Amino acid sequence: MRNLKKLALEIRIETLNMLSKHGFGHVGGSLSIADAIAVLYGKQMKHDPGNPRWDGRDYLVLSKGHCGPALYAALAIEGFFPREELLTINHLGTRLPSHADKNLTPGIDMTTGSLGQGVSCALGMAMGLKLQGKPNMVYAIIGDGEAQEGQVWETMMIAPNKGVKNFIVMLDDNKQQLDEFTDNISSLGDMCRKAEDFGWLALDVDGHDADAIDAAIDKCKSSDKPGFINLNTIKGKGWPEKEAVLGNHAFRGAAFGGVDEVIANLRKELAAMQ
Ligand SMILES: Cc1ncc(C[n+]2csc(CCOP(=O)(O)OP(=O)(O)O)c2C)c(N)n1
Ligand SMILES: [Mg+2]
């Protein structure tokens, strides 16, 4: 069985490496989903790196599309494209734009970036697969700031009514949005209670505990309801000085100061796991 903690560390290392070498990118929210992405690609999702559009695959819609880098890291580690290609992020002509794009990147299932829209598309995908009697799962990852979008609430209401038990939404509850704490902008309250009330199976887990995320997904899969998993996370997780502080959303130039030491420490941690 894959070591999911190791995979999450690798995702963090590759994410920090590509973004710092490029000199710009969404660091905070990419780091907070590394563990969830590791569980999806390291264990839960059926996928074939040699055939990204394989019709037996499970689908992931990264609705918080600005965190594409964490997903690109996982896709490269899995072998969808060469790892060296990660260093082309956001370059002219790259297959890796800062926000996820299904027409450019092998392994990306939906183009996202306009917050709220991805999860809506994911629901449509789940409904389509259900209508065709197919067993594929559809996963969506949304942000807590994103959950302020009205479109998210249409999905929250409709999914249980459509009986899409092949649908799991994970909320990256990192408690921060672009430049503020979410509670200081428009608090979401108890998202699990709300989801449950609409008819979801709702679970609250430590979003940095791969085993807990994995167990929650298993529970959702064996339920007749769509699954909602609130991932309790820390924005910037893995870069200690940047964790849960304002200004950790996107970094440019000098904001990456000290990143080499952070990457070196993560590499040491990884080596200690081998
Ligand atoms: C519809 C829309 N409005 C605004 C933005 C600009 N934007 C990009 S990221 C972001 C903050 C999102 O916060 P959250 O969903 O909590 O993401 P995370 O904390 O994971 O970075 C905003 C406002 C956008 N991409 N789409
Ligand atoms: Mg957030």
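The figures follow:
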quantity	calculated
Out of Val61, Val27, Val39, sole residue that is of a type in the set (A, V, I, L, M, F, W, C) and in contact with a Ser or Thr (Cβ under 7 Å, 6 or more places away or on another chain)	Val61
Candidate set: region 201-226, residues that are more than 20 Å from the chain's Cα centre (by Cα) and in contact (Cβ under 8 Å) with a residue 24 or more places away in the chain; chosen: the one least open to solvent (accessible area, probe 1.4 Å)	Ser223
Flag for Ser98 being closer than 30 Å to Ala272 by Cβ, in contact with a His (Cβ under 9 Å, 6 or more places away or on another chain) and either open to solvent by less than 10 Å² (accessible area, probe 1.4 Å) or not in a helix (DSSP H, G or I) (or both)	no
Any chance Phe181 is open to solvent by less than 80 Å² (accessible area, probe 1.4 Å), touching a residue at least 12 places away in the same chain (Cβ under 8 Å) and within 20 Å of Ala38 (Cα to Cα)	no
Pair list, Cβ < 8 Å and 6+ apart or interchain, from region 143-155 residues that are crowded, with 19+ Cβ neighbours inside 10 Å to residues that are among the basic types (Lys, Arg)	Gly143/Lys64; Asp144/Lys175; Glu146/Lys64
Condition met for Ser222 (within 16 Å of Gly143 (Cβ to Cβ) and hydroxyl-bearing (Ser, Thr, Tyr))	no
Candidate set: region 158-178, residues that are touching a residue at least 60 places away in the same chain (Cβ under 8 Å) and in a helix (DSSP H, G or I); chosen: the one nearest to ligand 2 (Cβ to nearest atom)	Ala159
Extreme residue, farthest from Asp190 (Cα to Cα), among residues of region 111-140 that are in contact with a Ser or Thr (Cβ under 6 Å, 6 or more places away or on another chain) and within 16 Å of ligand 2 (Cβ to nearest atom)	Thr112
Conditions (1) over 28 Å from Val27 (Cβ atoms); (2) within 16 Å of ligand 1 (Cβ to nearest atom); (3) buried (at least 24 other Cβ atoms within 10 Å of the Cβ); (4) not polar (S, T, N, Q); number of the one not met by Ala159	(2)
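Per-residue answers, yes or no, for (1) over 17 Å from the mean Cα position of the chain (by Cα); (2) within 16 Å of ligand 1 (Cβ to nearest atom); (3) under 20 Å from Val119 (Cα atoms):
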| position | (1), (2), (3) |
| --- | --- |
| Glu14 | no, no, no |
| Trp54 | yes, no, no |
| Leu60 | no, yes, yes |
| Ser63 | no, yes, yes |
| Gly68 | no, yes, yes |
| Thr94 | yes, no, no |
| Ala100 | no, yes, yes |
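The values are calculated or read from the model by the stated rules, or taken from the named source; none is laboratory data. Treat the numbers as computed from the prediction; the structure is a model and nothing was measured. As a convention, Cβ positions derive from the backbone with ideal geometry for all residues, glycine included, and neighbour counts pool all protein chains shown. For the accessible areas, the whole protein counts, side chains as well, though only heavy atoms, and no ligand, DNA or RNA atoms are used. Shrake-Rupley method; radii C 1.70, N 1.55, O 1.52, S 1.80 Å.
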